[in-house]
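Working notes, structure below.
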């Protein structure tokens, strides 16, 4: 296909060049009615390109097939059979994929390190999750994606499961053995969904971990706004093979998606695809070189440890995205929360992840020597001022057994059922009616329908005291917890 084309961008340019006069939404009408103060900050180009997808970007009957051609080009670029654009982020895309594989009351194998958007999909759909345990590093208190053997074992226990879902890469950059997991699924005639939100860049350089479509996944979801150059909320989901009906997949997306998609987000996806086909390998090589340089320099900073080998040890991750630089601060005796907050305040440097002992920085093709130098200067500051950052309350992280809760009822039933708020001290032993999710990375510690235990509550409460953010809790301070009202037995 001719990847010099950018159908969405070309259609926007044509609309503006032709001087079309809209009597349709958006009401600002190319910015003419917008507050000049907003135009001064956002720019006239934003308003001038903010069109309707129908009777704007394309005509009333979509006879020019603008979006369809852009999606076909994206599919060709990443070796998928079909691609669908989403302007609601991968949170919507992964729900669409889940609902195309399993329905209410049906089983779906899901890695327990799934993002909260997956749990939201379980709540909306009524699908029964069959949790697959991650590979846990008890020394570093970190979960890596489940192994192929773990998926195979769960399929043996639940042969009626409709398919499987795995998250790879994780927000920490660790990757699953996708080809082997896909083989486990396909031996049973079941599809594999990959939540590859952090992996949009993977198809475009051979030194990066395997891309889900090349590994044999049936559906995968990518957030082009995360590691690609799309605008925030720009997402795509890709499909191949005959285990997931593309008509059903599109219908599920129509069910959940907006009827007012942002053409600006479509344009960002379209432009990024063209850029990656034409220049992606060179751009990513530069990013890989910068990341390698950053890792070498960070390793020389006293008290900082760049994670790699331990993440790839036996029984851990299958692979690692080198553009995610994860730094352990244990030797400095300070938490990632305090370090991240201080660096935003003192250096105007915003880090990707922060947890009880780590911080991380993502390197993309947008980085250069100047941005990496700013990162290194900030990290040297952390090392030099570690004494000022110590003294935060300790986060009591349980062992894997303590973190694993019993799923007693469907997430949907617990979320929508009768509930009450109880003091945190009384939550242990009760069924949660809400998600409790340290964010980022957005992996729930407690799900609706799970029976809360004391170690997990202690972990979350001490985490909040130390700087952890739990934004989806009804009470983000976790003084109280929303729990299910259970009928007397």
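The values are calculated or read from the model by the stated rules, or taken from the named source; none is laboratory data. These numbers come from a predicted model, not from an experiment. So basically every Cβ, Gly included, is an ideal-geometry build from the backbone, and we count neighbours across all protein chains shown.
Structure data summary
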{"item": "Qualifying residues in the range 21-47 (those that are surrounded by fewer than 17 Cβ atoms within 10 Å (Cβ to Cβ) and in contact (Cβ under 8 Å) with a residue 24 or more places away in the chain) - the one nearest to the chain's Cα centre (by Cα)", "result": "46"}
{"item": "From the options 434, 420, residue that is over 23 Å from the mean Cα position of the chain (by Cα) and more than 30 Å from residue 291 (Cα to Cα)", "result": "420"}
{"item": "Of all residues in the range 326-355 being in contact (Cβ under 8 Å) with a residue 60 or more places away in the chain and part of a strand (DSSP E or B), the one that is nearest to the chain's Cα centre (by Cα)", "result": "353"}
{"item": "Matching residues in the range 101-122 - criterion: being part of a helix (DSSP H, G or I) and surrounded by fewer than 24 Cβ atoms within 10 Å (Cβ to Cβ)", "result": "116, 117, 119, 120"}
{"item": "Residue check, residue 419 out of contact with any helix residue (DSSP H, G or I) (no Cβ under 9 Å at 6 or more places or on another chain) and not assigned by TED's automatic domain parsing to the domain that holds residue 291", "result": "yes"}
{"item": "Test result for residue 476, in contact with a strand residue (DSSP E or B) (Cβ under 7 Å, 6 or more places away or on another chain) and either in the same structural domain as residue 133 (by TED's automatic domain parsing) or farther than 16 Å from residue 119 by Cβ (or both)", "result": "no"}
{"item": "Conditions (1) over 29 Å from the mean Cα position of the chain (by Cα); (2) loosely packed, with under 15 Cβ neighbours inside 10 Å; (3) assigned by TED's automatic domain parsing to the domain that holds residue 301: number failed by residue 383", "result": "(2)"}
{"item": "Residues being farther than 18 Å from residue 367 by Cβ and either assigned by TED's automatic domain parsing to the domain that holds residue 325 or surrounded by fewer than 24 Cβ atoms within 10 Å (Cβ to Cβ) (or both) - total across the range 212-229", "result": "3"}
{"item": "Failed condition for residue 250, given (1) touching a strand residue (DSSP E or B) at 6+ places or on another chain (Cβ under 6 Å); (2) under 29 Å from residue 151 (Cβ atoms); (3) not in a loop (DSSP other than H, G, I, E, B)", "result": "(1)"}
{"item": "Selection status of residue 6, touching a residue at least 12 places away in the same chain (Cβ under 8 Å), under 19 Å from residue 234 (Cα atoms) and under 33 Å from the mean Cα position of the chain (by Cα)", "result": "yes"}
{"item": "Single match in 378, 374, 425 (criterion: surrounded by fewer than 16 Cβ atoms within 10 Å (Cβ to Cβ) and under 23 Å from residue 343 (Cβ atoms))", "result": "374"}
{"item": "Selection status of residue 164, under 26 Å from residue 80 (Cα atoms) and touching a strand residue (DSSP E or B) at 6+ places or on another chain (Cβ under 6 Å)", "result": "yes"}
{"item": "Filter result for the condition that a residue is over 25 Å from residue 229 (Cβ atoms) and outside the structural domain of residue 466 (by TED's automatic domain parsing), over 317, 361", "result": "317"}
{"item": "Residue selected from the range 131-146 under the condition touching a strand residue (DSSP E or B) at 6+ places or on another chain (Cβ under 9 Å) and assigned to a loop (DSSP other than H, G, I, E, B), by the criterion farthest from residue 157 (Cα to Cα)", "result": "140"}
{"item": "Residue list for the range 299-323, restricted to those being part of a loop (DSSP other than H, G, I, E, B) and under 23 Å from the mean Cα position of the chain (by Cα)", "result": "307, 308, 316, 317, 318, 321, 322, 323"}
{"item": "Which listed residue is over 19 Å from the mean Cα position of the chain (by Cα), more than 24 Å from residue 445 (Cβ to Cβ) and free of Cβ contacts under 8 Å to residues at least 24 places away in the same chain, from 156, 106", "result": "156"}
{"item": "Any chance residue 374 is assigned to a helix (DSSP H, G or I) and more than 27 Å from residue 231 (Cα to Cα)", "result": "no"}
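Per-residue answers, yes or no, for (1) surrounded by fewer than 22 Cβ atoms within 10 Å (Cβ to Cβ); (2) in contact with a helix residue (DSSP H, G or I) (Cβ under 8 Å, 6 or more places away or on another chain):
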position: 133; (1), (2): yes, yes
position: 136; (1), (2): yes, yes
position: 141; (1), (2): yes, no
position: 145; (1), (2): no, no
position: 157; (1), (2): yes, no
position: 164; (1), (2): no, yes
position: 178; (1), (2): no, no
position: 183; (1), (2): yes, yes
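Rundown of residues vs (1) in the same structural domain as residue 319 (by TED's automatic domain parsing); (2) over 13 Å from residue 107 (Cβ atoms); (3) more than 23 Å from the chain's Cα centre (by Cα); (4) part of a loop (DSSP other than H, G, I, E, B), yes/no style:
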site	(1), (2), (3), (4)
172	no, yes, no, yes
179	no, yes, no, no
186	no, yes, yes, no
190	no, no, yes, yes
